[in-house]
Amino acid sequence: MIKQKKIQIGVMGSAADLKYAKKLEKLAEEVGYFVAKKGAVLIFGAEKDYDSLSTAACRGAKKAKGLTVGVTYGKGKDIFEKNCDVIISSGLERGGGRETPLVLSCDAIITLNGGSGTLTEIAIAYQANIPIVVLEGTGGWSDKLAGQYLDDRKRIIIKKAKTPKKVVDLAYSLASKKYE
């Protein structure tokens, strides 16, 4: 009997230095919660020095007893979110290096808000044909790019959904198609 592979969904979003609203943090936790409830593995950018929306998603997934994998930059496993199940130290820099293994480990990504790091993650997912789903109304690059292609190649359209549950359902559905 062949065991079905677990879907791996990445949650990408602003780091705390962008001073996002507490409301966004709550939405990110809800996204993580629903990723875990779907039985998917939550992949996130594990920060070493401060909180982020990705880290908030990890907390939400842990509330639902989900499996979490944090990809961090540099060496060592000392990260902000202490309740992460698996930590991958990329040995690469934050701001371009670690985003590649982070995104390429995902079957789909969900984005909330986002600055330059999230933009990099969206671009990597687009180039690799990894489905991208935006939680609408969260601002940043997520809202700027929702419903669009990144370029004239029109590889994949960046999908959007209005609630944490809907964004996860859509990402999971798109990710599952890869294994049908």
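Since every read-out is calculated from the coordinates, none of them should be taken as a lab result. Everything numeric here is computed off the predicted structure, so don't read it as measured data. Cβ atoms come from the backbone with ideal geometry, glycine included; neighbour counts cover every protein chain shown.
Is at least one residue of segment 63-73 among the hydrophobic types (A, V, I, L, M, F, W, C), more than 15 Å from M12 (Cβ to Cβ) and surrounded by fewer than 24 Cβ atoms within 10 Å (Cβ to Cβ)?
yes
Determine, yes or no, whether K65 is out of contact with any helix residue (DSSP H, G or I) (no Cβ under 7 Å at 6 or more places or on another chain), not polar (S, T, N, Q) and not in a strand (DSSP E or B).
Considered against the rule, which asks whether it is out of contact with any helix residue (DSSP H, G or I) (no Cβ under 7 Å at 6 or more places or on another chain), not polar (S, T, N, Q) and not in a strand (DSSP E or B), K65 comes out as no.
What is the residue count in segment 87-114 for residues that are part of a loop (DSSP other than H, G, I, E, B) and either without any contact (Cβ under 8 Å) to a residue 60 or more places away in the chain or among the polar types (S, T, N, Q) (or both)?
Qualifying residue count, segment 87-114: 11.
Looking only at residues in segment 120-134 that are assigned to a loop (DSSP other than H, G, I, E, B) and of a type outside the set (G, A, S), which one is surrounded by the fewest Cβ atoms within 10 Å (Cβ to Cβ)?
The qualifying residue surrounded by the fewest Cβ atoms within 10 Å (Cβ to Cβ) is N129.
Restricting to segment 120-131, count the residues that are touching a residue at least 40 places away in the same chain (Cβ under 8 Å) and more than 18 Å from A57 (Cβ to Cβ).
Counting residues in segment 120-131 that are touching a residue at least 40 places away in the same chain (Cβ under 8 Å) and more than 18 Å from A57 (Cβ to Cβ) gives 0.
Please find, among G117, G137, the residue that is part of a loop (DSSP other than H, G, I, E, B), in contact (Cβ under 8 Å) with a residue 24 or more places away in the chain and either surrounded by 15 or more Cβ atoms within 10 Å (Cβ to Cβ) or on the phi < 0 side of the Ramachandran plot (or both).
The match here is G137.
Go through (1) over 19 Å from L24 (Cα atoms); (2) hydrophobic (A, V, I, L, M, F, W, C); (3) touching a helix residue (DSSP H, G or I) at 6+ places or on another chain (Cβ under 6 Å) and name the single condition A161 misses.
Status for A161: all satisfied but (1).
Cβ-Cβ distance below 9 Å, separation of 6 or more or different chains: which pairs start in segment 19-39 with a residue that is on the phi > 0 side of the Ramachandran plot and among the small types (G, A, S) and end on one that is buried (at least 21 other Cβ atoms within 10 Å of the Cβ) and outside any helix (DSSP H, G or I)?
G39/I7; G39/G66
Would you pick out the residues in segment 68-86 that are free of Cβ contacts under 8 Å to residues at least 60 places away in the same chain and not in a loop (DSSP other than H, G, I, E, B)?
T68, G70, V71, T72, V86
Suppose we filter segment 1-54 for residues that are among the hydroxyl-bearing types (S, T, Y), out of contact with any helix residue (DSSP H, G or I) (no Cβ under 6 Å at 6 or more places or on another chain) and in a loop (DSSP other than H, G, I, E, B); how many remain?
Counting residues in segment 1-54 that are among the hydroxyl-bearing types (S, T, Y), out of contact with any helix residue (DSSP H, G or I) (no Cβ under 6 Å at 6 or more places or on another chain) and in a loop (DSSP other than H, G, I, E, B) gives 1.
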